1. Mind checking the full-extension length gain between R49 and L115? Use 0.36 nm per residue of separation minus the Cα-Cα distance, one decimal, nm.
2. Placing unit charges on C-beta atoms (Lys and Arg positive, Asp and Glu negative, everything else neutral), compute the dipole magnitude of the chain about its Cα centre in debye, rounded to 20.
3. May I ask you to give the average projected area over all directions of the convex hull of the Cα atoms of segment 236-281, in nm² rounded to one decimal?
4. Rounded to the nearest 500, what is the 222 nm mean residue ellipticity of the chain from helices alone, with -39500 (n - 2.57) per DSSP H run of 4+ residues and division by all residues?
5. Going 7 Å from the Cα of A26 along its beta-carbon direction, which residues of segment 130-171 have the amide nitrogen within less than 11 Å of the resulting point?
6. Name the long-range amide H neighbours of I30: under 5 Å, sequence gap of 5 or more, or other chain; modelled H, no Pro or chain starts.
7. Only Cα pairs under 8 Å and at least 6 apart count here; give the relative contact order of segment 247-316 as a rounded whole percent.
8. Quick check: residue separation of A151 and K465 times 0.36 nm, minus the Cα distance between them. What number comes out in nm?
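The values are calculated or read from the model by the stated rules, or taken from the named source; none is laboratory data. Computed from a predicted structure; not experimentally measured. Cβ placement follows ideal geometry from the backbone for every residue including glycine, while neighbour counts extend to all protein chains displayed. The protein model used for the area step is the full one, side chains on, heavy atoms only, and it has no ligands, DNA or RNA in it. Shrake-Rupley method; radii C 1.70, N 1.55, O 1.52, S 1.80 Å.
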Amino acid sequence: MKLVTLFLFALLLATGAAPSFAQTAAKPDIVIFLTDDQSQLDLAPYGNRVLRTPRMQQLADAGMIFTQAYVASPTCAPSRAALLTGLMPARNGAEPNHAKPRPEIRKWPSFFQELGYEVVAFGKVSHYKHTADYGFDYFAHDTFHDHAGIAEAAGFLKNRPRTGAKPLCLFVGSNWPHVPWPENGAGYDSAQMPLPAGSVDTTATRAWRARYAAAVTKADDDLGTIMDAARACLGTNTLFLFSSDNGAQWPFAKWNCYEAGVQTPLIVVWPGVVNPGTRTSAMVSWVDLLPTLLEAAGGKAPRLIDGQSFLPVLRGKRSTHRDAIFTTHSGDGRFNVYPIRAMRSGQWKYIRNLHPEFAFTTHIDLPVNLGQREYFKTWEERAETDPATAVIVRRYHARPEEELYDLGIDPHEQHNLAADPKYLARLKKMRVQLDKWLRDQGDQLKVYAAPRLLSDPTSYGPQAKPGA
């Protein structure tokens, strides 16, 4: 009987289906793969049947999909700094885009090195050229659209000695689907492209959306390269996590605290621990990844950070995690000077635009390098004669101080309920909750650059200059 039991155990381990007590006896290898600027709805596992993402679907089939996962901020540097510190932007110091967390703050590699891990990064893991500040054992290719990092990460796995090696925590960051997007749609039919809510349907808009779709498929290809290398070179006790740092560079997504800007894909595979083909609606934040993976590695979640471990959700022991999610945005140079704070609780979403007198602008509408004005100007042109388009363009630039959405019936946040007396009690409750959280965070609500004002038509719209 003992021999039969041992045989069955070995068979389960070999097939990646060993029970959780076997898989967690040793520290798992950990692979974290990040895409750059991809909204949650822009991949097959979340219901998008137009964008070709077969490897993302393959990963989802093998693991757990999180339908309510959020980044801390809808821009690259603050989002990644929050991931790597477990602290929200106001507490780690990386609030506007391109900012770094304070040097004295303990960061991801240190925690895992203390547990005996080798911690390595390839590609865009922190923001460009920030990786050296984080203390990785080794990193490479952290410059703009440095695609060699994917192949080098795969080569690192193939050439890494397996006998006597430390457990591995490997970050791999694709530069896709961040702009610049491929010049053509790579087989996508622009006429068939579904457009996100709030888009203006023009020929140019569809052509650019097809280019974004091609960039998403390139991200999927990068993921496949790393999946194959991990499968070939690491053991069955490997936790593989996929996510993205913020939403797509598209109106009402990146640089916004709308769902398209802050809700991120999150898929976790861990054979024998995470049941394959499962979904969870547990609300989790990127600041939760550090304590969760530390506990998965046999360590303890650090005290005094904002992150909270959701390991019980991965193990199937809990179906909920957070009661509320908070997100913050502070700006991106003079391209985007528009601080926003937001929270989600259940089906309700509350957004506070700290300076509604500011004009909202981004690389999309301004005449800048790697921008998308080519299609946005077609929105402005149509807005001159079409009232419905004029409403969209106006909403893009001018926001009310408060926004309230019932995501249960309005998941794309198209109908602001903040001025409706019927929802006053809900608005007041969430207003108080956000105020308390901001005080607890020590958020100073800073403005980091000279704003563009709605009262100055030359600072935004067709007459705008890019600024610095």
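1. 19.6 nm
2. Details: 51 positive and 46 negative charges, 238 e Å.
I would put it at about 1140 debye.
3. On the way: hull surface 16.0 nm².
Computing the convex hull of the Cα atoms and averaging its projections yields 4.0 nm².
4. About -9500 deg cm²/dmol.
5. Residues 162-168 qualify, since their backbone N sits under 11 Å from the label point.
6. Under 5 Å from the amide H of I30 lie the amide H atoms of L168, C169, L170, L239, each far enough along the sequence or on another chain.
7. Dividing the mean separation by the residue count of segment 247-316 yields 24 percent.
8. Roughly 109.1 nm would be gained on extension.
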